[in-house]
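> Pasting in a structure now, in structure tokens, and then I'll have a few things to ask.
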Amino acid sequence: MDQDGALPVQVPSAVRAALLAPLVDHHCRGVRRDELDRARFETLITAAGTPAPPGTTHFDTPLGTAIRRWCAPVLGLDPHAPPAVYLARRAELGPAEANGRLLRAAGVVAFLVDGGPDGGRDGELLTAAEMGRLGGAAADEVVRLEPIEEDLAKEGPTAVGYPRALAERLADRASRAVALKSVAACRHGLDLDPARPGRGTVIAAAGRRLARPGEPLTDPVLLRHLLWTAVDVARERGLPLQVHTGYADPHADLTRSDPALLTGFLRALRPTGVPAILLHCHPFHRQAAYLAGVLPHVYVDVGLGPARAATGSAAILGELLELAPYHKLMFSSGCHGAAETSHLGALCFRRGLARVLAARLGEGEWSTADAARVAHMLGSGNARRVYRL
């Protein structure tokens, strides 16, 4: 990891060592393998995924400023390099070298990689194995549920055979995964009936679904069925279930991505023993922290929040630590598309957490041993335990 300016405050050596220890990035996506021109690069560093308005640039954001400050030295430039200089250097190095430098600078020991909307088949993004190889880390697959159902629907099973075929397909994919993940928040919203739908209801919904097999899965009955089928598979395989919450998808209705809407489902899930991990959560991280505090099987991260907020990362992490048990919190970068988001996800997490821990140490609320232990738990220990790494 690039140590230059990694921590913004002085902390005891044991705490510093814990903060700079290798991280487990328990949720990320692949990064682009091709060379990126400025227009394409800028769409990758904004949650909107669209070009900046005329006369403006996405470099004029907290993330864009952080790229120029913290990623430029990794690529051999002075801090605060202008955008044009930064992108020229990136092109000079080539995508493999630039990606490798940035991924290695994150100081990650294991990447758990979500294949994305198409299951990682489009070839534009690095696979889990490639992420690990370039980043000098172990790598495992997180299986996204919705693409599996959409592939199955295109194959044309009968409505009656749909439930069994889906269960078999999920079980097969889960055999090679460390977790299952749902993006129901982006397809419908988290305001789903928490109960497992009956077989007749599922077959009727499948009949309607199979009449339009090429469309994304948005039917609330089938999304519920997919979730509960995944729960069955996860329980059998000993896997956790990740659920996307909060912002990230510009097409999703943010008001329907609040993790509090999952309360009924999470309570119904508890008897199964399947861990539920609420991803991203921001700006609803306080609700997520509350759920982690009252439900023993619920875990939380703030994903891409620290990198997007950059210098504001300490405020987000501090609010999370106000409510959530420390053994329920994990690090993820939320990396996607640009390798810069991997490096900055890790760096802003470390810097933000350093500020939070320093404040508690300064107030005499925590001992040095407490702060070091919490840093280890959040950075890697909790993820190792929940994912059985």
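> In the range 309-336, which residue that is without any contact (Cβ under 8 Å) to a residue 40 or more places away in the chain and part of a loop (DSSP other than H, G, I, E, B) is farthest from Thr43 (Cα to Cα)?
This residue is Pro325.
> In the range 71-100, which residues are within 21 Å of the chain's Cα centre (by Cα) and either surrounded by fewer than 16 Cβ atoms within 10 Å (Cβ to Cβ) or of a type outside the set (Gly, Ala, Ser) (or both)?
Residues of the range 71-100 within 21 Å of the chain's Cα centre (by Cα): 71, 99-100.
Cys71, Asn99 - these are the residues of the range 71-100 that are within 21 Å of the chain's Cα centre (by Cα) and either surrounded by fewer than 16 Cβ atoms within 10 Å (Cβ to Cβ) or of a type outside the set (Gly, Ala, Ser) (or both).
> Now, a different point. Is it the case that some residue within the range 237-245 is surrounded by fewer than 19 Cβ atoms within 10 Å (Cβ to Cβ) and either on the phi < 0 side of the Ramachandran plot or among the polar types (S, T, N, Q) (or both)? Give the steps one after another, and end with the answer.
Of the residues in the range 237-245, the ones surrounded by fewer than 19 Cβ atoms within 10 Å (Cβ to Cβ) are 237-238.
From the residues that got through so far, the ones that are either on the phi < 0 side of the Ramachandran plot or among the polar types (S, T, N, Q) (or both) too are 237.
Among the residues of the range 237-245, at least one is surrounded by fewer than 19 Cβ atoms within 10 Å (Cβ to Cβ) and either on the phi < 0 side of the Ramachandran plot or among the polar types (S, T, N, Q) (or both), which makes the answer yes.
> Out of the residues in the range 206-218 that are surrounded by fewer than 19 Cβ atoms within 10 Å (Cβ to Cβ) and touching a helix residue (DSSP H, G or I) at 6+ places or on another chain (Cβ under 7 Å), state the one that is farthest from Pro147 (Cα to Cα). Talk me through it step by step, then tell me what you get.
Taking the range 206-218 and keeping what is surrounded by fewer than 19 Cβ atoms within 10 Å (Cβ to Cβ), we get 207-208, 210-216, 218.
Still in the list and also touching a helix residue (DSSP H, G or I) at 6+ places or on another chain (Cβ under 7 Å): 210, 213-214, 216, 218.
Details: Leu210: 15, Pro213: 12, Gly214: 11, Pro216: 8, Thr218: 12 Å.
Applying the filter and picking the extreme gives Leu210.
> Working only within the range 101-126, note down all residues that are farther than 14 Å from His343 by Cβ, crowded, with 17+ Cβ neighbours inside 10 Å and out of contact with any strand residue (DSSP E or B) (no Cβ under 7 Å at 6 or more places or on another chain). So that I can check it myself, show each step before the final result.
Initially, the range 101-126 is screened for residues farther than 14 Å from His343 by Cβ, giving 109-110, 112-126.
Those left that are additionally crowded, with 17+ Cβ neighbours inside 10 Å: 109-110, 112-117, 119-120, 125-126.
Those that are farther than 14 Å from His343 by Cβ, crowded, with 17+ Cβ neighbours inside 10 Å and out of contact with any strand residue (DSSP E or B) (no Cβ under 7 Å at 6 or more places or on another chain): Pro117, Gly120.
> Are there any pairs with C-beta distances below 7 angstrom linking a residue in the range 133-153 that is closer than 30 Å to Arg164 by Cα and assigned to a helix (DSSP H, G or I) to a residue that is of a type in the set (Lys, Arg) and at pLDDT below 95, with the two at least 6 apart or on different chains, and if so which?
Glu146/Arg187
> Identify, by number, the condition in (1) part of a loop (DSSP other than H, G, I, E, B); (2) over 18 Å from the mean Cα position of the chain (by Cα) that Tyr290 doesn't meet.
All conditions pass for Tyr290, except number (1).
> What are the residues in the range 354-375 that are in contact with a helix residue (DSSP H, G or I) (Cβ under 6 Å, 6 or more places away or on another chain) and either within 22 Å of Gln242 (Cβ to Cβ) or in a loop (DSSP other than H, G, I, E, B) (or both), if any?
Within the range 354-375, Trp366 is the sole residue that qualifies.
The values are calculated or read from the model by the stated rules, or taken from the named source; none is laboratory data. Quantities reported herein were computed from a predicted structural model and do not represent experimental measurements. Cβ atoms come from the backbone with ideal geometry, glycine included; neighbour counts cover every protein chain shown.
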